[in-house]
1. Given a 1.4 angstrom probe, what's the average accessible area per residue across segment 4-215, in square angstrom?
2. Local charge sum around GLU212 (other residues, Cβ-Cβ under 11 Å, Lys/Arg +1, Asp/Glu -1)?
3. Classify segment 135-212 as rounded, prolate or oblate from the Cα gyration tensor: take a ≥ b ≥ c as the square roots of its eigenvalues, call it rounded if a/c is under 1.5, otherwise prolate when a/b beats b/c and oblate if not.
4. What order do you get for 109-119, 27-37 when each peptide is scored by the mean count of other beta carbon atoms within 10 Å, highest first?
5. Can you compute the FRET efficiency between GLN147 and LYS107 using 1/(1 + (r/R0)^6), with r the Cβ-Cβ distance and R0 = 30 Å? Round to the nearest 0.05.
6. If you place +1 on the Cβ of every Lys and Arg, -1 on the Cβ of every Asp and Glu, and leave all else neutral, what size is the dipole of the chain about its Cα centre, to the nearest 20 Debye?
7. Percent relative contact order of the chain, based on C-alpha pairs within less than 8 angstrom and at least six residues apart?
8. Residue farthest toward the positive end of the dipole of segment 4-215, with Cβ of Lys/Arg at +1 and Asp/Glu at -1: which of ILE24, ALA94, GLN152?
Amino acid sequence: MKHLIAPSLLSADFGNLQRDIEMINQSKADWFHIDIMDGSFVPNLSIGFPVLKSIAKHATKPLDIHLMIQNPDLYIERFCVEAKADVLTVHYEACNHLHRSLQAIKKMNVKTGVSLNPHTSVSLLEDILCETDVVLLMSVNPGFGGQKFIEQTYKKIEQLKKMIINQNLNTLIEVDGGVDLSNYKQLINAGADVLVCGNAVFGSPDPVKTIEQLSTI
Ligand code: DX5
Ligand code: ZN
């Protein structure tokens, strides 16, 4: 499968959000990556349902919603219905009953995602991988855009890829944080299927061209 590019709207210009969404619509990007932060699971706040509804109204590509929040179960239905998630990702570290959370997402006919912080071992996913459509490996500590990529991530991708193949699954590996033109090829070679790019896209003088470069191997 050709890898997918998911620009992260966290780095968009929120004063010109519709313009930036249209730019992604017109580009070679595959998904919209949308970061939700609660000021508790991560030391930052981002956006809530009013803004999400506006994004859903204008975006013409799948919405990949990354929940960096405690107790995601409280909001799963709203993220699926009001925010129109196509992939809904919860953090392993934020769920006491991860299997139950994933079942709740599945019930809404939305793809399930599980994210791991840099310190969390992929081996912990052994018994939940078969319920997971996407594993989102954090390659920075979550909470902010524009941070430095953590090199240990390559090993995690390789280990996770082996687990997916051993279990004969189609789970996608998504990498989030510090992905740019200098490392995207190595990430794809290691086994990444989806690359989240915030600063690399929106900090570029020509975001459409950067997306095209990131899409090309
Ligand atoms: C960080 C978020 C990322 C962030 C990535 O907690 O999950 O999606 O927007 O931004 P860059 O690509 O700039 O590291
Ligand atoms: Zn993210």
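1. Value returned for segment 4-215: 45 Å² of accessible area per residue.
2. Residues close to GLU212 contribute a combined charge of +1.
3. Prolate, because a/c is 1.5 or more and a/b exceeds b/c.
4. The packing order, highest mean first, is 27-37, 109-119.
5. Details: r = 34 Å, r/R0 = 1.14.
Calculated transfer efficiency: 0.30.
6. 260
7. 22
8. ILE24
The values are calculated or read from the model by the stated rules, or taken from the named source; none is laboratory data. Keep in mind the model is a prediction, meaning the values are calculated, not measured. Cβ: placed from backbone, ideal geometry, glycine included. Neighbour counts: every protein chain shown. Accessible surface is based on the protein model in full, side chains and every heavy atom, while ligands, DNA and RNA are left aside. Shrake-Rupley method; radii C 1.70, N 1.55, O 1.52, S 1.80 Å.
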